[in-house]
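Data block below; observations after.
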Amino acid sequence: MEWFLAKIFAKYNYWVFILLMLIGFYGIVAKENLIKKILGLNIFQTAIFLYFISLGAVKGGTAPIVDETIIQKGYIYTNPLPHVLILTAIVVSVATTAVALSLVIRMHREYGTIEESEIIEKSLREPPHGENSKPGT
């Protein structure tokens, strides 16, 4: 039993990622409030970012700055590619969040609520304000 627990807790960072992903997924699926759904999406994305950055870590690795003396000494470098890709993903995540929040603002202006079930109910009962009430006109 001790061996099993030692193996599980040796990789505790993976359990943290899984927990964050589950919290984010729960926020996306179970919450009715659109802002809470966006927060769940951001938590989910952050878990993925942390996972990929942890994959790029090298024990005893240094920053990948190439110099003749460092090359001769044979230092181990960390791979900069995961960090660069995650920086790009963070920018995309911020843009996605901005677009999602602007859509929530637009829906709030249109329907007067940010609760998903109320928006669906109102959209089925009446057409949005900007559209004609008669089909085909």
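Any read-out appearing in this document is the output of simple, stated calculations on the displayed coordinates, not a laboratory observation. None of the values given here were measured: they were computed from a predicted structure. Positions of Cβ are generated from backbone atoms using ideal geometry, with glycine treated the same way; all protein chains shown enter the neighbour counts.
(1) 42, 34, 22; (2) 117, 60, 20; (3) 78, 47, 22: which one is Cα extents along the principal axes in Å as calculated from this entry?
(3)
In the chain, how many lysine pairs have Cα atoms under 27 Å apart, counting only pairs 8 or more places apart or on different chains?
So the count works out to 7.
Placing +1 on the Cβ of each Lys and Arg and -1 on the Cβ of each Asp and Glu in the chain, which of 24, 92, 105 has its Cα farthest towards the positive end of the resulting dipole?
24
What whole-number distance in Å separates the alpha-carbon centres of the range 71-100 and the range 15-41?
23 Å
Can you list the trypsin sites (Lys or Arg not before Pro) in the range 14-73 that are in a DSSP coil and have 13 or fewer other beta carbons within 10 angstrom?
Those satisfying the criteria are 59.
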